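The structure appears right after this line, and notes come after that.
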Amino acid sequence: MAEHLDSLLREIRACRACEDSLQHGARPILRASKSAQLLIVSQAPGVRAHDTRLSFNDPSGDRLREWLGINRDTFYDESRVAIIGMAFCFPGYNAQGHDKPPRKECALLWQGRLMAALPNFPLILLVGSYAQNWHLKERAKENMTKTVSAWREYIPRFLPLPHPSWRNNAWVKRHPWFETDLLPYLRRRVRRILGA
Ligand code: SF4
């Protein structure tokens with residue numbers, strides 16, 4: 001039988017399993033409820049999310065909200081939208097100053113238990129290759145571009161997306177179907193699901 005979501009969320013928020021490897025310490029950030037209708041699975045919180053304890057509270061989040069066609073109030077309505085990562089704590093920076101990848105042990109510890117306790121979402125957005133590879137398993141292609149290009153293979157339950165970071169501006173420009181085909185589909189689904 002699935003675990004009770006509230007007690008699992010308390011357990012995750014108290015997790016310190018890989019704290020010794022986290023430059024900024026352990027601060028698990030995720031949002032979920034039994035009534036949520038839309039699930040967003042991303043990689044790991046960035047430093048701004050870590051500092052403010054709020055997922056996607058940065059320009060990438062603004063862009064993601066624009067892609068979804070919803071405002072901050074709807075995006076942060078935990079009764080309707082769940083936001084999780086493949087790891088729940090900010091992993092720190094690598095030598096080039098970029099965010100490190102999500103800690104692998106986090107997904108191994110929590111992702112399966114959390115997915116089993118969450119409601120059965122009609123739509124799960126997989127933001128970036130870590131979320132795509134984990135959730136699509138052998139159905140994921142060899143890289144993010146190929147997986148997102150094949151988005152019609154995964155609907156209606158999953159929709160893979162690139163990370164909404166400015167670093168992907170050139171990617172969006174190189175793949176015009178993303179804005180002409182995928183985003184209108186995404187907005188239609190989100191409007192229908194959330195009534196937003
Ligand atoms: S990243 Fe995950 S496993 Fe590591 S301390 Fe945070 S919640 Fe625990």
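The values are calculated or read from the model by the stated rules, or taken from the named source; none is laboratory data. Bear in mind the structure is a predicted one, so any value in this text is a computation, not a measurement. Backbone-built Cβ (ideal geometry, glycine too); neighbour counts: all protein chains shown. The area values use the complete protein model at the heavy-atom level, side chains included, leaving out ligands, DNA and RNA. Shrake-Rupley method; radii C 1.70, N 1.55, O 1.52, S 1.80 Å.
Numbers below:
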{"read-out": "Tabulated pairs, region 172-196, first under 17 Å from Arg63 (Cβ atoms), second assigned to a helix (DSSP H, G or I) and of a type in the set (Phe, Trp, Tyr), C-beta under 6 angstrom, 6+ apart or interchain", "value": "Val172/Phe178; Leu182/Trp151; Leu183/Trp67"}
{"read-out": "Residue that is farthest from the ligand (Cβ to nearest atom) [pool: residues in region 101-121 that are surrounded by fewer than 16 Cβ atoms within 10 Å (Cβ to Cβ) and over 14 Å from the mean Cα position of the chain (by Cα)]", "value": "Asn120"}
{"read-out": "Near pairs, Cβ below 8 angstrom, 6+ apart or cross-chain, from region 142-155 (closer than 15 Å to Ala131 by Cβ) to any residue that is open to solvent by 70 Å² or more (accessible area, probe 1.4 Å)", "value": "Tyr154/Arg139"}
{"read-out": "Residue count for region 150-176, restricted to those that are open to solvent by 50 Å² or more (accessible area, probe 1.4 Å), in contact with a helix residue (DSSP H, G or I) (Cβ under 8 Å, 6 or more places away or on another chain) and part of a helix (DSSP H, G or I)", "value": "2"}
{"read-out": "Verdict on Ala32 being in contact with a strand residue (DSSP E or B) (Cβ under 7 Å, 6 or more places away or on another chain), more than 16 Å from the ligand (Cβ to nearest atom) and small (Gly, Ala, Ser)", "value": "no"}
{"read-out": "Filter result (over 20 Å from Ile12 (Cβ atoms) and surrounded by 14 or more Cβ atoms within 10 Å (Cβ to Cβ)) within region 129-138", "value": "Ser129, Gln132, Asn133, Leu136"}
{"read-out": "Of all residues making up region 64-81, the number that are assigned to a strand (DSSP E or B) and either within 16 Å of the ligand (Cβ to nearest atom) or surrounded by fewer than 23 Cβ atoms within 10 Å (Cβ to Cβ) (or both)", "value": "0"}
